[in-house]
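One structure is given here, and the rest of the page talks about it.
A short reminder: the numbers here are calculations on the coordinates, not readings from a lab. Just so it is clear, the structure is predicted and the values come from calculations on it, not from any experiment. Glycine gets a Cβ as well: all are built from the backbone with ideal geometry, and neighbour counts include every protein chain shown.
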Amino acid sequence: MSDRTVASVIELTNLTKVYGGRRVVDDLTLTVHPGRITGFLGPNGAGKSTTMRMILGLAAPTAGRATVLGRPYRDLPEPMRHVGALLDARASHPGRSARDHLRFLARTNGIDRRRVDEVLELTGLTSVADRRTGGYSLGMGQRLGIATALLGDPEVLVLDEPVNGLDTDGIRWLRRLLRDLADDGRTILLSSHLMGEMEQTADHLVVIGGGRLLADMDMRTFLASHSRGRTVVRSPHLDRLEPALRSLGGRVDPDPARPDTVLVEGVSPQAIGETAARLGVALHELSPRTESLEDVYTRLTAATVEYHSATVGHGAKVPPDAKVPPGAKVPYDTKESS
Amino acid sequence: MSNVRNGVVASNVRNGVVVRDVLAGEWIKFATLRSTWWTLAMVAALPVGVALLVAVTGSLAPEDTVLAGALGNAVVGLVPAGILGALIVAGEYSGGTIRLTLAAVPVRWPVVLAKAMLAGALVFPVALAAYALGFALAAALLPDHRPGAPVPALLGVALVYVFVAVLGVAMGTAIRSPAGAVTAVTAVLLAPAFLAPLLTRLAGRRGSPGAADEPGGGSRVSGSAETDSAERRLSGTVSPRPTRGPGTSPAAAPARAPRRRARHTRPTSSCHRPGREPVGTWSLLLVASSLVTSSRIGRFAPAGRVHGRRPGPARSWKFDPVTGGQPSKISNSGHGRRADGTRRRPSARARRTDRCGRRGPGWARPRCSARVHCRCSSAPR
């Protein structure tokens with residue numbers, strides 16, 4: 001479509017879905033902007049897939065509305081030309097070949113048959129295109145799903161767990177492909193459980209938990225505002241070092257995975273090194289650790305599922321404010337103007 | 001933007017774009033599977049097979065027409081037609097293809113319409129050709145019998161096939177599971193055949209309920225007496241039991257029993273037509289299933305739906321993500337207090353109100369959904 005000036009391509013307004021009395025999606029208001037990859041995160045059952053299905057008109061919202069390119073999905077003429085979707089990998093009939101699968105979808109939306117061969121080529125399925133999809137591996141099925149999403153050369157892509165089952169090459173390929181599409185000014189909404197993958201792929205993050213919006217912000221801002229800088233310290237004489245670090249105001253947690261190792265928070269690596277030198281303690285490791293998206297995300301969503309642990313690690317007392325990230329009590333709406 | 005819905009959809013429908021493209025897509029879906037072709041082959045093979053069986057075994061009374069033999073036991077042949085219709089829809093639900101189909105064609109009625117049209121359009125020529133072939137073969141094998149008038153009867157049978165295929169589509173749409181839809185459509189087709197003799201007998205004892213059928217000759221496939229037994233065979237009421245009526249001739253084949261009985265109880269040949277009862281039952285079932293169908297077209301929630309799940313207690317994670325899997329103590333966060341004792345904001349569930357602003361437990365509030373809007377005495381919030 002020529003109209004790339006639309007500021008918000010996917011727009012959810014007070015979107016709510018109730019299944020049997022349970023609020024799967026609860027008053028979700030959100031905009032997804034073009035030209036970047038928006039990661040859509042949330043624990044299982046947070047309402048990600050339901051939200052995506054409502055965007056695609058496969059489920060009717062109980063309240064609120066979801067629009068794509070300014071109108072409800074159902075009102076899009078030939079929707080595959082505007083919105084490409086991957087909802088689950090096993091969406092093809094096992095008795096039908098990949099080419100035929102794409103062919104019927106292309107036909108319903110008036111897409112040229114040559115495009116079918118193009119997307120088969122693009123996703124590397126040309127050699128198996130005429131085999132029945134029942135014999136496909138998970139990764140091949142996933143590639144077929146991506147091919148389906150790309151079929152109409154859409155400017156909006158809604159992908160639910162696209163990297164599931166892809167091999168390393170496939171993941172790298174998909175990452176590059178999505179990056180190119182986003183740079184082209186298209187809109188990409190991507191959900192994944194693989195945090196490492198998401199950290200590398202997405203520019204912008206939307207986190208939901210219990211059907212509600214928890215965060216909607218730039219990836220770097222998200223990490224910066226929520227990560228705790230910690231330092232890994234390994235030493236055979238931790239018993240001498242630990243009290244000194246605590247006296248400097250640091251928090252020392254043992255690393256559950258490795259012996260002789262602690263995670264220090266609130267004291268800079270320089271200060272730790274100097275303290276160790278002063279005490280004459282040998283250090284085997286002193287490395288600052290910035291938290292990964294996974295750490296931050298886990299902490300954020302854990303707080304929203306009404307989980308509060310009184311103890312952590314091997315009995316170290318946790319200050320009450322350390323566990324719950326500051327923003328988790330109230331849904332964020334700190335939109336970055338990027 | 002105000003009238004987008006009407007503008008876009010209506011113009012597409014007017015140009016025939018949606019339905020034509022959807023129909024073409026449905027055809028590709030049908031043509032690229034083996035199972036559908038096998039089912040269609042069954043639709044073609046059964047009438048020919050049954051006609052040959054009747055002709056080869058000579059199980060036709062001397063005064064019966066070849067047509068009666070060719071159309072014998074058509075209900076058996078109808079079953080694959082119903083299954084074909086059911087599989088065209090239910091097969092998509094089982095594989096998950098329906099999600100793609102409906103994402104590609106978000107307005108749903110063209111999809112159901114296209115499937116019904118396709119099913120009907122496929123079985124009509126196939127059934128017509130199969131019965132014509134069966135009739136021709138039987139006529140060649142049974143030169144001593146009168147052929148009968150095939151033209152309206154064969155067309156009528158083919159139309160019944162269309163009807164049953166559409167019934168199958170309705171069943172598939174309503175039930176969504178291939179096994180369930182196939183079972184249902186088979187049961188619907190066979191049940192009248194099994195029950196009709198019983199009901200007929202029951203009705204016969206009560207008087208003459210067949211009188212209502214009396215003037216209906218015009219709506220029949222053919223009013224001529226020679227298609228009577230054909231219709232009866234179509235209805236599947238052919239009974240293998242030996243006849244015990246007073247007028248039984250030694251030459252009468254077992255298959256003639258119903259006719260004898262009918263003649264015996266009601267002297268006029270057009271008095272009672274068992275063949276109409278299944279059609280009547282099917283019509284009722286078609287109406288009923290189309291009602292169910294129309295109610296289900298709008299709601300779509302396969303795989304991952306959580307219908308009927310009651311709101312449970314607040315979720316708590318069993319494993320501590322920090323300690324890496326050690327179960328941890330869960331505080332009494334459900335009592336309005338945080339772990340540190342301060343009051344917590346009431347939970348989302350306790351705070352939530354419906355669109356009318358009413359608050360309280362779910363059972364006390366009217367159920368609102370996209371389909372059933374709650375009625376608000378006051379203005380919505």
Self-check item: Shielding score for A:15-28, defined as the mean number of other chain Cβ atoms within 10 Å
Solution: 5
Self-check item: Dimensions in Å of the stretch B:43-190 - Rg and Dmax from alpha carbons
Solution: 17.6, 59
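Counting pairs of alpha carbon atoms under 8 Å apart in space and at least six apart in sequence, what relative contact order in percent does chain A give?
Value for chain A: 18 percent.
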Practice problem: Would you grab the residues whose amide H sits under 5 Å from the one on A:Gly84? Only those 5+ places off in sequence or on another chain, please, with H modelled 1.01 Å from N. | Solution: A:Val156, A:Leu157, A:Val158
Quiz item: Anyone know which of A:Gly249, A:Gly152, A:Gly45 comes out most mobile in the 10 Å Cα GNM of chain A?
Solution: A:Gly249
Quiz item: By counting other Cβ atoms within 10 Å of each Cβ, how are A:His193, A:His82, A:His101 ranked from fewest to most?
Solution: A:His193, A:His82, A:His101
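Figure the gain on full extension for B:Leu141 and B:Thr183 (residue separation times 0.36 nm, minus the Cα-Cα span) and round it to one decimal in nm.
Details: separation 42, 0.36 × 42 = 15.12 nm, distance 3.56 nm.
Extra length from B:Leu141 to B:Thr183 when fully extended: 11.6 nm.
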Quiz item: Do the sum for chain A: with -39,500 (n - 2.57) for every DSSP H run of n ≥ 4, divided by all residues, what is the mean residue ellipticity at 222 nm, to the nearest 500 deg cm²/dmol?
Solution: -9500 deg cm²/dmol
Practice problem: Using per-residue counts of other Cβ atoms within 10 Å, averaged over each peptide, order B:143-156, B:54-67 from highest down. | Solution: B:54-67, B:143-156
Exercise. With a/c under 1.5 counting as rounded, go ahead and sort chain A into rounded, prolate or oblate using the C-alpha gyration tensor (a ≥ b ≥ c being the square roots of the eigenvalues; past the cut-off, prolate if a/b is larger than b/c, else oblate).
Key: prolate
Exercise. Just tell me how shielded B:85-97 is by partners: mean number of partner chain Cβ atoms within 10 Å of each residue's Cβ, no decimals.
Key: 2
Quiz prompt | Charge dipole (debye, nearest 20) of the stretch A:10-217; +1 at Cβ of Lys and Arg, -1 at Cβ of Asp and Glu | solution = 660 debye
Quiz item: Average partner chain C-beta neighbours within 10 Å, per residue of A:203-214?
Solution: 1
Self-check item: Gain on full stretching of the segment that runs from A:Ser137 to A:Ser247 - 0.36 nm per residue minus C-alpha separation
Solution: 33.9 nm
